[in-house]
Structure formats: C-alpha cells, structure tokens
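> A single structure is presented below for examination.
The values are calculated or read from the model by the stated rules, or taken from the named source; none is laboratory data. Quantities reported herein were computed from a predicted structural model and do not represent experimental measurements. Cβ sites come from the backbone with ideal geometry, for glycine too, and all protein chains shown count toward neighbours.
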Amino acid sequence: MKQGYAILAVTGAAQALLPGRANGSPVTSGGRTVGSNSSASATTCRPERGGRRPGPDLRWFQPRPSNGLPTNSVNTRYDLLVSGATNRSGDNEELIRWVTEAKAAVVADNSVPGHRIRPQDVPPDAVTSSGSGLDPHISPAYAELQVHRVAQRDHLDAELVEGLVADHTEGRTLGFAGEPRGNVLKLNIALKELVDAG
C-alpha cells in the first residue's frame, strides 16, 4: 500500500513540475498529437502487397536506424517493441554487415541526378543506432546529406530545404554539452508545412 502512495506522489510531482515530460513530451501538428519529442518515429511508405515490410518514404528526412525487438502484428508504427543497444563489439561480423548494408542504402537513397553521395560522406549516425535505439535526433551532417533527395522528391529548391535544416538544428546543450542535432519529427513537420504551402 505504501508503495502505491509513493508512486502516486512521484507521478503527481512530475505532473506538477514537468507536465510535458511526464506526459511523454508530445508533439502536435494540425491540432493532433503526431509523436514524441523524446522518441524517434519512422517515415515509411504504405505496406507493400504480399505483406512485405514497407520501405522508407524518401520524401521525408529519415531517422537513425533502430535496434531492439522487432515489429509484430500489433506494433507496426516503428521498428521496436523494446528499446536497447545492439550490444555488439566493433569487430562483430553481424554489426559490420548491418553497417555496410546501411551505408550502401544511404548512398543509393540519397544520390540524385547532379548530386552523388560517396560512402565516405555518410556520417556514423546514418548507419548506427543510438544506445536506446529511439534517439529522435540526427546530426547536422546526416540532415544535410538528405537535403538534395528531399528537395527532389518534394519538388522544392535545395537551398530552401538547406535553410529548413539550418533553422531546425539545435546547438550544444548549455553551449558545451553534447553535439549539435536536429529533431527529425519536428524537421518533417516543418517540411510538410513547406510542401503544403508550395
């Protein structure tokens, strides 16, 4: 019984002091909740015929790869049932294969006429998951790598999309902690507004 009161007290304090975080840091667009500021979400095409998993919808900025327990018939919105790191060493053959395949896909997906991506241009966060597998952020380098593909797919000027990335890049926390980053969900919401306006 005492444990129940303690949980209620902690929940009440969290709701009072940090209501946004206590409720999952929801992000809204068009008057409805579309995701969380604290968790990545995939941007995939509709499922293909024959039940094959849908591929990425290349009109949008893509998040980092995710790892953990995979989808099932209930969880089809993002790649994870349980978050977690890959827990594989740098010389693990399976991890090397994942990274190699992911790098080839990033090069193929983002190379468009007049703008070829080279394997050495692919930043680490484009091919590796975060410790939780749910990081909602990508590096400015990974966002910039996607600019020409997004611009072409959405019939936008690349400079306009570059400006969108710059506007949605956050600096280091308190000016020194962490790395510059961009929230993929917020970036895609801004992209949708730009496409809808055009």
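> Condition first: touching a His at 6+ places or on another chain (Cβ under 7 Å) and at pLDDT 90 or above. Can you find one or more residues in the range 60-75 that meet it? Show your work before the answer.
So the first thing to find is which residues in the range 60-75 are touching a His at 6+ places or on another chain (Cβ under 7 Å), and the list is none.
There is no residue in the range 60-75 that is touching a His at 6+ places or on another chain (Cβ under 7 Å) and at pLDDT 90 or above.
> If we keep just the residues of the range 84-113 that are β-branched (Val, Ile, Thr) and surrounded by 15 or more Cβ atoms within 10 Å (Cβ to Cβ), which is nearest to the chain's Cα centre (by Cα)? Give the steps one after another, and end with the answer.
Of all residues in the range 84-113, those β-branched (Val, Ile, Thr) come to 86, 96, 99-100, 106-107, 112.
Subsequent filtering for residues that are surrounded by 15 or more Cβ atoms within 10 Å (Cβ to Cβ) retains 86, 99, 106-107, 112.
Numbers: 86: 17, 99: 17, 106: 14, 107: 18, 112: 21 Å.
My answer is 106.
> Would you pick out the residues in the range 114-151 that are assigned to a loop (DSSP other than H, G, I, E, B), more than 14 Å from the chain's Cα centre (by Cα) and more than 22 Å from residue 194 (Cβ to Cβ)? Steps first, please.
Step one: of the range 114-151, the residues assigned to a loop (DSSP other than H, G, I, E, B) are 114, 116-118, 122-123, 127-136, 139.
After this cut, where a residue has to be more than 14 Å from the chain's Cα centre (by Cα) as well, the list is 114, 116-118, 122-123.
Within the range 114-151, 116, 117, 118, 122, 123 meet the criteria.
> Oh, and also: Give me the pairs, please: first residue somewhere in the range 91-119 and over 28 Å from residue 155 (Cα atoms), second residue anywhere and among the aromatic types (Phe, Trp, Tyr) and exposed (fewer than 10 other Cβ atoms within 10 Å of the Cβ), beta-carbon distance under 8 Å, and either six or more positions apart or on two chains.
Every condition considered, no pair remains.
> Looking at the range 142-150, is at least one residue β-branched (Val, Ile, Thr), touching a His at 6+ places or on another chain (Cβ under 8 Å), in contact (Cβ under 8 Å) with a residue 40 or more places away in the chain and buried (at least 18 other Cβ atoms within 10 Å of the Cβ)?
Let us first name the residues in the range 142-150 that are β-branched (Val, Ile, Thr), namely 147, 150.
Of the ones still in play, those that are also touching a His at 6+ places or on another chain (Cβ under 8 Å) are none.
No, the range 142-150 contains no residue that is β-branched (Val, Ile, Thr), touching a His at 6+ places or on another chain (Cβ under 8 Å), in contact (Cβ under 8 Å) with a residue 40 or more places away in the chain and buried (at least 18 other Cβ atoms within 10 Å of the Cβ).
> Are any residues in the range 152-170 closer than 18 Å to residue 193 by Cα, surrounded by 13 or more Cβ atoms within 10 Å (Cβ to Cβ) and under 18 Å from the mean Cα position of the chain (by Cα), and if so, which ones?
Of the range 152-170, the ones closer than 18 Å to residue 193 by Cα are 152-169.
Now narrow it down to the ones that are surrounded by 13 or more Cβ atoms within 10 Å (Cβ to Cβ): 152-154, 156, 158, 160-165, 168-169.
Hits for the range 152-170 are 161, 162, 164, 165, 168, 169.
> Select from the range 171-190 the residues that are hydrophobic (A, V, I, L, M, F, W, C) and either modelled with pLDDT of 95 or more or within 15 Å of the chain's Cα centre (by Cα) (or both) and write down the one among them that is nearest to residue 142 (Cα to Cα). Before you say what the answer is, go through the steps one by one.
Here is the first cut: in the range 171-190, the ones hydrophobic (A, V, I, L, M, F, W, C) are 174, 176-177, 184-185, 187, 189-190.
Right, trim to either modelled with pLDDT of 95 or more or within 15 Å of the chain's Cα centre (by Cα) (or both) and you get 184-185, 187, 189-190.
Working: 184: 11, 185: 14, 187: 13, 189: 17, 190: 17 Å.
Of everything passing the filter in the range 171-190, 184 is nearest to residue 142 (Cα to Cα).
> Applying the selection to the range 183-198, what residues are assigned to a strand (DSSP E or B) and touching an Asp or Glu at 6+ places or on another chain (Cβ under 7 Å)?
Residues of the range 183-198 that are assigned to a strand (DSSP E or B), as a first pass: 183.
None - no residue of the range 183-198 is assigned to a strand (DSSP E or B) and touching an Asp or Glu at 6+ places or on another chain (Cβ under 7 Å), so the list stays empty.
> If you check every pair at least six apart or on different chains, which have Cβ atoms under 6 Å apart with a residue in the range 180-197 that is closer than 12 Å to residue 167 by Cα first and a residue that is crowded, with 21+ Cβ neighbours inside 10 Å second?
Cβ pairs passing all conditions: 181/137; 182/138; 182/143; 183/136; 183/137; 187/61; 190/164.
> Moving on to the next point. Hey, any hits in the range 120-131 for a residue that's at pLDDT 95 or above, of a type outside the set (Ser, Thr, Tyr) and loosely packed, with under 13 Cβ neighbours inside 10 Å?
Yes: one or more hits.
> Within the range 171-188, does at least one residue satisfy the condition of being in contact with a Lys or Arg (Cβ under 6 Å, 6 or more places away or on another chain), surrounded by 12 or more Cβ atoms within 10 Å (Cβ to Cβ) and over 14 Å from residue 112 (Cβ atoms)? Lay out the reasoning, then the answer.
So in the range 171-188, the residues in contact with a Lys or Arg (Cβ under 6 Å, 6 or more places away or on another chain) come out as 178.
From what's left, surrounded by 12 or more Cβ atoms within 10 Å (Cβ to Cβ): none.
No: zero hits.
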